[in-house]
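Below is one structure; the comments refer to it alone.
Derivation of every value follows stated rules applied to the coordinates shown; laboratory data play no part. Nothing here was measured: the structure is a model prediction, and the numbers come from that model. Positions of Cβ are generated from backbone atoms using ideal geometry, with glycine treated the same way; all protein chains shown enter the neighbour counts.
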Amino acid sequence: MSDSLSELARARLRWRARRGLLENDLILTRFLDAFEARLTEADVQALTQLFEMDDNALLDVLLGRADLSGVWDQPDIRRLVGQMKSL
């Protein structure tokens, strides 16, 4: 992927953002609506990794009830989560 995501890459990212908890869906969709056009390859990789997190754990992180830890405690993921929390 170059600086901008292809239509297929956008569709895949939005599909992966669909979660079992409505709250996660709302936060992730709002994030993608605001930042999707500016996502880099590193951002897509970080989001893909973040999407592997359990729904309840992800919600706790997005609501500030828990901190990122383990494989998710990375600069790119922390930056993206910060952007999600700011919306």
Quick one: grab Rg to one decimal and Dmax as a whole number for the chain, Cα atoms only, in Å. 12.0, 35
Quick check on packing: order 42-50, 17-25 by the mean number of other C-beta atoms within 10 Å, highest mean leading. 42-50, 17-25
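Could you work out the relative contact order of the chain? I mean the mean sequence separation of Cα pairs under 8 Å and 6+ apart, divided by the number of residues, in percent.
Numbers: 66 pairs, mean separation 29.7, N = 87.
The value is 34 percent.
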Residues of the stretch 43-58 with amide N under 13 Å of the 7 Å Cα→Cβ point at residue 74: 43-53
Helix 22-35 vs. the chain, principal-axis angle (Cα, 0 to 90°, nearest 10): 40
What's the angle, to the nearest 10 degrees (0 to 90), between helix 75-86's Cα axis and the longest principal axis of the chain? 80
In degrees between 0 and 90, to the nearest 10, how far off the longest principal axis of the chain does helix 41-50 point, with axes built from Cα atoms? 30
